[in-house]
Amino acid sequence: MKTFSLIGTLGIAAVLGIGGYALAQQAQVTALRTDPVNAPNRLGPDFQWKGKEGKMQRNYRQQPPLIPHSIAQYQMDLRVNQCLSCHDWSKAGERNAPTLSMTHYLDRSGMETDHIAGTRYFCNQCHVPQADVAPLVSNTFVPSSPAVR
């Protein structure tokens, strides 16, 4: 009796699994990313730098600042972070660029270091180039008031 119920349960699971797989294959899911996952990410024409000068306002408190210039040709990988050539504390003054927040120089235990923390090395985890484009997904978000710079 136990064998029969085990076989029946496995049969139902197989039918449901195959049916779910078939439904998933029929669904027309489109990805927001157009490049393969293992390929470099290319910015589409909507996200190319439009030459807008000045900083855009932030939408909420604690929002990371938007990048007010093109980064299309910037190298950012395990060996090189081209953002640091201007924004690192040792170079920002001579390059007339904003200095990174001191939080970028805290290691995991909260100790201050002279070099950027590994957890903050990839700038695009939080900062994105500013672009005046329509949202990818419709929403009802309203910026906080007053606007924050």
query = Karplus couplings for the range 85-102 from phi (6.51 cos²θ - 1.76 cosθ + 1.60, θ = phi - 60°), rounded to Hz, Gly and Pro as x?
reply = 5, 10, 9, 5, 4, 7, 10, 4, x, 6, 9, 6, 10, x, 7, 4, 4, 4
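Fewest first, what order do Tyr60, Tyr121 take by the number of other Cβ atoms within 10 Å?
Ordered from fewest to most neighbouring Cβ atoms within 10 Å, Tyr60, Tyr121 come out as Tyr60, Tyr121.
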ask   = Semi-axes, largest first, in whole Å: what does sqrt of 5 times each Cα gyration tensor eigenvalue give for the range 80-130?
value = 18, 14, 9
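No value in this document is a laboratory result; all are computed from the given coordinates. If you're wondering where the values come from, they're calculated on a predicted model, not measured in any experiment. Reconstructed Cβ throughout: ideal geometry from the backbone, glycine too, with neighbour counts over all protein chains shown.
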